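Input: a single structure, listed below in structure tokens.
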């Protein structure tokens with residue numbers, strides 16, 4: 001029986017995303033068709049600092065939010081009068097950055113009378129899989145890996161989730177950023193390690209693969225990060241040359257081995273034949289390749305968004321917002337930013 005839920009008419013969602021360092025707006029039709037997807041990235045601004053500076057991010061969001069909204073409407077050939085609801089990320093994320101998007105969405109909603117829907121950022125990442133995989137419907141298991149999150153999630157239905165595994169310390173993306181900084185690759189770490197690893201030997205250095213006792217699906221990358229730092233310090237003290245590509249490849253393989261092992265174990269235990277990935281680290285070519293290969297071995301359908309829909313974008317928020325809209329979810333003008341919002345939590 002299909003879990004697909006639909007409206008009896010076309011529904012247009014204007015979506016806004018500003019949880020970190022991308023100011024984005026999108027118009028999404030019927031939850032699966034992206035009519036526009038405008039993203040203003042602040043990466044160049046934050047690179048000099050080696051990571052996102054919250055105050056700078058918030059100020060830049062204020063400068064750009066109206067521009068990206070106007071551009072998204074224009075590229076979609078839509079007016080506010082055509083829009084059925086405004087979806088906006090209200091957590092988790094940087095509180096100042098979130099407040100810019102939430103404030104813009106509330107202002108437009110108040111002025112136009114268009115319904116307002118607050119969307120969970122991680123729910124958006126999961127929903128990104130519906131954009132290009134029209135046939136994908138719940139239930140399935142999804143691995144969400146980003147700078148702030150490492151979750152294994154059972155997607156039971158649209159908007160209904162069960163977290164079966166999560167990070168106990170550093171998220172996978174956070175570990176990528178810290179290791180990239182340590183080996184001199186800079187920010188953002190994920191894409192730079194992915195690129196450097198292609199030139200390295202993933203078997204050159206044996207880094208640890210951590211397991212959390214009593215929680216087989218939970219993740220821990222803090223020890224791995226420390227092992228890399230200890231290796232670098234040891235080489236420096238001994239005067240040994242450090243092969244950056246080998247370190248990148250070996251570290252990346254240690255992360256991927258754990259993500260793949262936990263993911264496929266969950267697929268087997270829960271008995272699903274569909275598996276998806278989401279989040280910024282889901283754009284990592286080695287991770288995508290390893291998961292696709294292992295899923296194929298087991299006869300499991302593998303789904304992944306294109307890289308542009310893995311990183312922060314508003315189209316994914318529009319998709320999640322659509323399914324919330326037709327399920328009758330609405331928010332009032334007291335909607336606020338919730339920086340530590342948990343998946344499945346409604347405020």
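The values are calculated or read from the model by the stated rules, or taken from the named source; none is laboratory data. Since the structure is predicted, the reported quantities are computational estimates derived from the model, not experimental observations. Positions of Cβ are generated from backbone atoms using ideal geometry, with glycine treated the same way; all protein chains shown enter the neighbour counts.
Which condition from (1) closer than 20 Å to residue 130 by Cβ; (2) in a helix (DSSP H, G or I); (3) within 18 Å of the chain's Cα centre (by Cα) is the one that residue 72 breaks?
(3)
Would you be able to tell me the number of residues in segment 130-143 that are at pLDDT below 95 and within 30 Å of residue 208 (Cα to Cα)?
The qualifying residues number 0.
How many of the residues in segment 217-232 are farther than 15 Å from residue 176 by Cα and in contact with a strand residue (DSSP E or B) (Cβ under 8 Å, 6 or more places away or on another chain)?
Residues flagged as farther than 15 Å from residue 176 by Cα and in contact with a strand residue (DSSP E or B) (Cβ under 8 Å, 6 or more places away or on another chain) within segment 217-232 amount to 2.
Tell me, yes or no, whether segment 121-133 has at least one residue that is surrounded by 16 or more Cβ atoms within 10 Å (Cβ to Cβ), in a loop (DSSP other than H, G, I, E, B), touching a residue at least 40 places away in the same chain (Cβ under 8 Å) and in contact with a helix residue (DSSP H, G or I) (Cβ under 6 Å, 6 or more places away or on another chain). Reasoning before the result, please.
Within segment 121-133, the first condition is being surrounded by 16 or more Cβ atoms within 10 Å (Cβ to Cβ), and the residues that meet it are 121-131, 133.
Then drop every residue that is not in a loop (DSSP other than H, G, I, E, B), which leaves 128, 133.
Retained after the next criterion (residues that are touching a residue at least 40 places away in the same chain (Cβ under 8 Å)): 128, 133.
The next check asks that each one be in contact with a helix residue (DSSP H, G or I) (Cβ under 6 Å, 6 or more places away or on another chain); those that pass are 128.
Yes, segment 121-133 has at least one match.
Any chance segment 20-42 includes a residue that's within 10 Å of residue 318 (Cβ to Cβ), over 20 Å from the mean Cα position of the chain (by Cα) and buried (at least 20 other Cβ atoms within 10 Å of the Cβ)?
The answer is no; no qualifying residue exists.
Looking at 95, 52, 48, which one is in the same structural domain as residue 124 (by TED's automatic domain parsing) and modelled with pLDDT of 95 or more? Give the steps one after another, and end with the answer.
Working: 52 fails: modelled with pLDDT of 95 or more; 48 fails: modelled with pLDDT of 95 or more.
Answer to the check: 95.
Would you be able to say whether some residue in segment 191-214 is outside any loop (DSSP other than H, G, I, E, B) and either farther than 21 Å from residue 281 by Cβ or in contact with a strand residue (DSSP E or B) (Cβ under 7 Å, 6 or more places away or on another chain) (or both)? Before you say what the answer is, go through the steps one by one.
Start the filter on segment 191-214 by keeping residues that are outside any loop (DSSP other than H, G, I, E, B), which leaves 191-197.
If we keep only those that are either farther than 21 Å from residue 281 by Cβ or in contact with a strand residue (DSSP E or B) (Cβ under 7 Å, 6 or more places away or on another chain) (or both) too, we end up with none.
No: segment 191-214 contains no residue that is outside any loop (DSSP other than H, G, I, E, B) and either farther than 21 Å from residue 281 by Cβ or in contact with a strand residue (DSSP E or B) (Cβ under 7 Å, 6 or more places away or on another chain) (or both).
Any residue in segment 76-87 that's under 10 Å from residue 114 (Cα atoms): show its pairings with residues that are assigned to a loop (DSSP other than H, G, I, E, B) at Cβ separation under 6 Å, as long as the two are six or more apart or on different chains.
Hits for this filter: 83/114; 84/11; 85/115; 86/114.
Taking segment 268-280 as the region of interest, how many residues are within 19 Å of residue 133 (Cα to Cα) and either in contact with a strand residue (DSSP E or B) (Cβ under 6 Å, 6 or more places away or on another chain) or surrounded by fewer than 22 Cβ atoms within 10 Å (Cβ to Cβ) (or both)? Steps first, please.
First, pick out the residues of segment 268-280 that are within 19 Å of residue 133 (Cα to Cα): 272-280.
Right, trim to either in contact with a strand residue (DSSP E or B) (Cβ under 6 Å, 6 or more places away or on another chain) or surrounded by fewer than 22 Cβ atoms within 10 Å (Cβ to Cβ) (or both) and you get 272-279.
Matching residues across segment 268-280 total 8.
Matching residues to (1) at pLDDT 95 or above; (2) buried (at least 24 other Cβ atoms within 10 Å of the Cβ); (3) part of a strand (DSSP E or B); (4) not assigned by TED's automatic domain parsing to the domain that holds residue 45:
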{"residue": "148", "(1), (2), (3), (4)": "no, no, no, yes"}
{"residue": "153", "(1), (2), (3), (4)": "yes, yes, yes, yes"}
{"residue": "166", "(1), (2), (3), (4)": "no, no, yes, yes"}
{"residue": "174", "(1), (2), (3), (4)": "no, no, no, yes"}
{"residue": "181", "(1), (2), (3), (4)": "no, no, no, yes"}
{"residue": "185", "(1), (2), (3), (4)": "no, no, no, yes"}
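Taking segment 210-221 only, how many residues are within 24 Å of residue 234 (Cα to Cα) and either surrounded by fewer than 16 Cβ atoms within 10 Å (Cβ to Cβ) or under 19 Å from the mean Cα position of the chain (by Cα) (or both)? Reasoning before the result, please.
From segment 210-221, those within 24 Å of residue 234 (Cα to Cα) are 210, 220-221; that's our starting set.
After this cut, where a residue has to be either surrounded by fewer than 16 Cβ atoms within 10 Å (Cβ to Cβ) or under 19 Å from the mean Cα position of the chain (by Cα) (or both) as well, the list is 220-221.
Qualifying residue count, segment 210-221: 2.
Identify all residues within segment 292-335 that are within 21 Å of the chain's Cα centre (by Cα), part of a loop (DSSP other than H, G, I, E, B) and more than 21 Å from residue 26 (Cβ to Cβ); write none if there are none.
Passing the criteria: none in range.
The conditions are (1) surrounded by fewer than 17 Cβ atoms within 10 Å (Cβ to Cβ); (2) modelled with pLDDT of 95 or more; (3) farther than 25 Å from residue 174 by Cβ, and residue 292 fails exactly one of them. Which is it?
(3)
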